[in-house]
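What follows is calculated from the coordinates using simple rules that are stated; it is not laboratory data. Since the model is a prediction, treat every value here as computed from it, not as a measurement. Cβ coordinates were reconstructed from backbone atoms using ideal geometry, including for glycine residues, and neighbour counts include every protein chain displayed.
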Amino acid sequence: MKTKTHQATSKRLKVTKTGKVMKRYAGQDHFNSRDTGKITRKKRTDKSLSESYTKTVKTLIANG
């Protein structure tokens, strides 16, 4: 029997062509005006997930 795609994980994380798992930088919804410029620029880019979680995430979104 095929395993189902974990929808919450597949909506939040993306696997790149080279196999890296990318996620959004946290805390982007509100209260951004109080952040420094350094943090604001940091929030614009996606962040790669650590290697320890990569295998687990790939099995969760393997079907997606």
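Assigning unit charges at the beta carbon (Lys, Arg +1; Asp, Glu -1) and nothing else, what dipole magnitude in debye, to the nearest 20, does the chain show about its Cα centre? If you can, show how the numbers build up before the last one.
Details: 18 positive and 4 negative charges, 28 e Å.
That gives the chain a dipole magnitude of about 140 debye.
Give me the Debye-computed log₁₀ of I(q)/I(0) at q = 0.29 Å⁻¹ for region 8-48, equal point scatterers on Cα only, no solvent, two decimals.
With one equal scatterer per Cα and no solvent, log10 I(q)/I(0) is -0.98.
Distance check, please: which entries in K11/K43; K4/K58; K2/K23 exceed 24 angstrom between their Cα atoms?
Values: K11/K43 18 Å; K4/K58 12 Å; K2/K23 26 Å.
Over 24 Å Cα-Cα: K2/K23.
Out of T16, T36, T54, any idea which swings most in a Gaussian network model of the chain, alpha carbons joined below 10 Å?
T36
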